[in-house]
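Read-outs: derived from the displayed coordinates by stated rules, not from any lab. What you see is a predicted model, and the numbers here were worked out from it, not measured in a lab. All Cβ positions, glycine included, derive from the backbone under ideal geometry; neighbour counts span all protein chains shown.
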Amino acid sequence: MHRPSLPRRGLLAAAASLAAPALHAQGNPAASYPDRPITIVVCFPPGGSTDLSARIVGPGLSDILGKPVVIENRPGAGGNIGIGYVARAAADGYTLLVASSVFVVNASLYRNAPYDPFKDFAYVGTLGASPNLICVRPDTGIKTLAELVAAAKAQPDRFNYASPGIGTTPHLAGEVLKLRTGAPLQHIPFLGAGPAVQAILAGTTEVLIASQGGQVETAQRNGQVRVLAQTGATRSPDLPDVPTLAELGVEDAVSETFNALYAPAATPAPIVQKLAQATLQVLAKPDIQQRYRLGGVLVAAEGPEGLKARVAKEVPLWREVIRQARIAVE
């Protein structure tokens, strides 16, 4: 039997050593991931807390994973355009989604939602959460929630409230407020928190309901809006003088807007886990937590299992609110 010469044996050994990492990578997709830039799709325009969450965490993920992370805004249809786009994207870890609580709402709200929150996505982790704020323009002269409710009842056709869009938790918080108080507020949806804030500043609406953070926080600090109440279970550490709805006698109205990171459903589990670990590393950094807080969002570092439990809880919760408020969107 012919035996390879020493040089040939050396070439075979070298080939085997090169093949081993390739075989390892085939067995573990995360071994070579990522090898090109990652795109995070945000389902709202720039300026709101969802966009803020993505833009804070993106550079940190880039540092840990060693590849650029690009933020791409795909707003429209209450978040459905961006969510549906990622649901249909290649499940390779290079197209991800950052969505607000519309993720757990829209499947019940829209009769033809372009995704299933349980079947079409892998859960990477929760990024942050914040209460919803009920705001008015200072020139309305309204200083309390009770005054707003009384004024709306006295002038049923006057008061409109802006929200970041149909099906967002600020929208549903407004509908819950109407159910609990009887205030006849007309909903005016926008394409995100940024445009909704601009609407109240321009005088298009008298009331704004949006999650704490982003341009809402800036407008509040600048005295351009007056915050009457917030929808959290407890007072926000950054708005200690703003009462909760429960403190004002409005019961069973707790809500918050959370932002989370998702991947298409068939993304290999090792890649999802690698993304989840990197995300938790980023969120654990004090400077990142401070940047979130300055934007009005508190870090809510939940990995895949925590986010999975949150989605499982909130989908039926908001489905019931939608039923009670008789909201339906084609």
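What does the charge count near Ile322 come to, summing +1 for each Lys or Arg and -1 for each Asp or Glu among other residues with Cβ under 13 Å from its Cβ? Around Ile322, the surrounding residues sum to +1. Under 1.5 on a/c is rounded, so check that first for the stretch 65-115, then, if it is not, pick prolate when a/b is larger than b/c and oblate when it is not; a ≥ b ≥ c are the square roots of the alpha carbon gyration tensor eigenvalues. Because a/c hits 1.5 or more and a/b exceeds b/c, the stretch 65-115 counts as prolate. Relative to the Cα centre, the charge distribution of the chain, modelled as +1 at Lys and Arg Cβ and -1 at Asp and Glu Cβ, gives a dipole magnitude of about 900 debye.
Using C-alpha pairs below 8 Å separated by at least 6 residues, the relative contact order for the chain is 26 percent. Semi-axes of the equivalent ellipsoid for the chain, computed as √(5λ) from the eigenvalues of its C-alpha gyration tensor and ordered from largest down, come to 46, 19, 15 Å. Neighbour counts of other Cβ atoms within 10 Å put Tyr161, Tyr110 in the fewest-to-most order Tyr110, Tyr161. Among beta bridges identified by DSSP and lying wholly in the chain, the antiparallel ones come to about 60 percent.
Taking a ≥ b ≥ c as the square roots of the eigenvalues of the Cα gyration tensor of the stretch 131-248, is the shape rounded (a/c under 1.5), prolate (a/b larger than b/c) or oblate? Judged from the Cα gyration tensor, the stretch 131-248 comes out rounded (a/c under 1.5). Dipole check for the stretch 131-248: with +1 at the C-beta of Lys and Arg, -1 at the C-beta of Asp and Glu, and the Cα centre as origin, the magnitude is about 120 Debye. All other residues whose Cβ lies under 15 angstrom from that of Val207 are scored, Lys and Arg at +1 and Asp and Glu at -1, for a net of +1.
Note down the relative contact order for the stretch 131-248 as a percent, whole number, built from C-alpha pairs under 8 angstrom at least six residues apart. 36 percent. When the stretch 186-330 is described by a simple charge dipole with +1 on each Lys and Arg Cβ and -1 on each Asp and Glu Cβ, the residue from Pro237, Ala263, Val216 located farthest towards its positive end is Ala263.
Whole angstrom only: what separates the Cα centroid of the stretch 264-330 from the Cα centroid of the stretch 93-147? Each part's Cα centre sits 10 Å from the other's. Rounded to 0.05, the FRET efficiency of the Lys67 and Asp287 pair, given R0 = 30 Å and the Cβ-Cβ distance, is 0.90.
Taking trypsin sites (Lys or Arg not before Pro) in DSSP loop states with no more than 10 other Cβ atoms inside 10 Å as exposed sites, the chain has its longest site-free stretch at 120-325. Bridging of Lys67 to aspartates and glutamates at a Cα separation below 19 Å is possible for Asp35, Asp92, once same-chain residues fewer than 8 apart are set aside.
Using a cut-off of 28 Å between Cα atoms, the listed pairs Lys153/Lys313; Lys119/Lys285; Lys285/Lys308 include Lys153/Lys313; Lys119/Lys285 as exceeding that distance.
Subtracting the Cα-Cα distance of Thr218 and Lys143 from 0.36 nm times their residue separation leaves 25.1 nm of extension gain. The mean sequence distance of close C-alpha pairs (under 8 Å, at least 6 residues apart), as a share of the length of the stretch 15-165, puts its relative contact order at 21 percent.
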